[in-house]
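Computed from the coordinates by the stated procedures, all read-outs in this text should not be read as laboratory data. Since the structure is predicted, the reported quantities are computational estimates derived from the model, not experimental observations. Using ideal geometry, Cβ is built from the backbone for each residue, glycine included, and neighbour counts are taken over all protein chains shown.
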Amino acid sequence: MKWTLEQLLPTFDKREHHSRLIHAPRQRVWDTLMDLRAGDLPVTLGLMRVRGGPSAWVNGIDVGEHEGMDLRVLESMAPRELAADPPREVVLGDIARYVATRPTRPDIERGDVEAFAAFTEPGWTKVVMNFRLVPEGDGTLLSTETRVLATDDRARRAFALYWGVMRAGSGLIRHDILRAIEKKTRTPGTPRP
């Protein structure tokens, strides 16, 4: 894989890392990650409902019937795939002004790794995250890291306030993803970790 997390954002303002040992072969964990659906993530759906405000609480996300529940998680997240090395790693990235209720994005194609790497226009925040799968014993260590870099001091200050409020939710979403993958790959009769 030409592009890695380290190449895309070697320096960063914020960082978050989570991991989980999953008692399944790497290929099964990879396949589960690639096919994970929004409906598999109850904590994430709850957080999305909270972020959407009162209209989402009343009319919003119906976990059992909402048409978006069948969306693949990695295709429905704000960061888009930038690079992949199956079954070892997938890297996603996004550029936005996240402090708005509905983040705005620059006029570049989302998912374009070259455009992402070259982007330096002031006033924006670059986010890159990965899922890395490393064989460990007869299981797989699945980790995810998120890195954030603001393109100027003003964006850095704005994002710091946003991150202060949103970081806990971001961590809960990452744990929800790791837990769902562990649950979906568990062989019947395998004890829970």
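Just need a number here: residues in region 18-38 that are surrounded by 19 or more Cβ atoms within 10 Å (Cβ to Cβ) and not in a loop (DSSP other than H, G, I, E, B).
8
Limited to region 163-181, what total is found for residues that are surrounded by 18 or more Cβ atoms within 10 Å (Cβ to Cβ) and more than 21 Å from Leu8 (Cβ to Cβ)?
Summing the residues that are surrounded by 18 or more Cβ atoms within 10 Å (Cβ to Cβ) and more than 21 Å from Leu8 (Cβ to Cβ) in region 163-181 gives 4.
With respect to Ala160, determine if the residue is of a type in the set (A, V, I, L, M, F, W, C), surrounded by fewer than 16 Cβ atoms within 10 Å (Cβ to Cβ) and free of Cβ contacts under 8 Å to residues at least 12 places away in the same chain. Full working, then the answer.
Working: of a type in the set (A, V, I, L, M, F, W, C): yes; surrounded by fewer than 16 Cβ atoms within 10 Å (Cβ to Cβ): yes; free of Cβ contacts under 8 Å to residues at least 12 places away in the same chain: no.
So Ala160 does not fit the description; no.
State whether the residues of region 5-25 include one that is within 15 Å of Pro86 (Cα to Cα), touching a Leu at 6+ places or on another chain (Cβ under 7 Å), touching a residue at least 40 places away in the same chain (Cβ under 8 Å) and not polar (S, T, N, Q).
No, because not a single residue in region 5-25 is within 15 Å of Pro86 (Cα to Cα), touching a Leu at 6+ places or on another chain (Cβ under 7 Å), touching a residue at least 40 places away in the same chain (Cβ under 8 Å) and not polar (S, T, N, Q).
Of these, Ala96, Ala78, Ala100, Ala84, which one is under 18 Å from the mean Cα position of the chain (by Cα), farther than 17 Å from Leu149 by Cβ and aliphatic (A, V, I, L, M)?
Numbers: Ala96 fails: farther than 17 Å from Leu149 by Cβ; Ala78 fails: farther than 17 Å from Leu149 by Cβ; Ala100 fails: under 18 Å from the mean Cα position of the chain (by Cα).
When all the criteria are applied, what remains is Ala84.
Find the helices (runs of 4 or more DSSP H) located wholly in region 71-189 whose residues include 2 or more that are out of contact with any His (no Cβ under 9 Å at 6 or more places or on another chain), within 24 Å of Ala38 (Cβ to Cβ) and β-branched (Val, Ile, Thr), and list them.
Details: elements: 73-76, 113-118, 153-185.
The qualifying helices (runs of 4 or more DSSP H) are 153-185.
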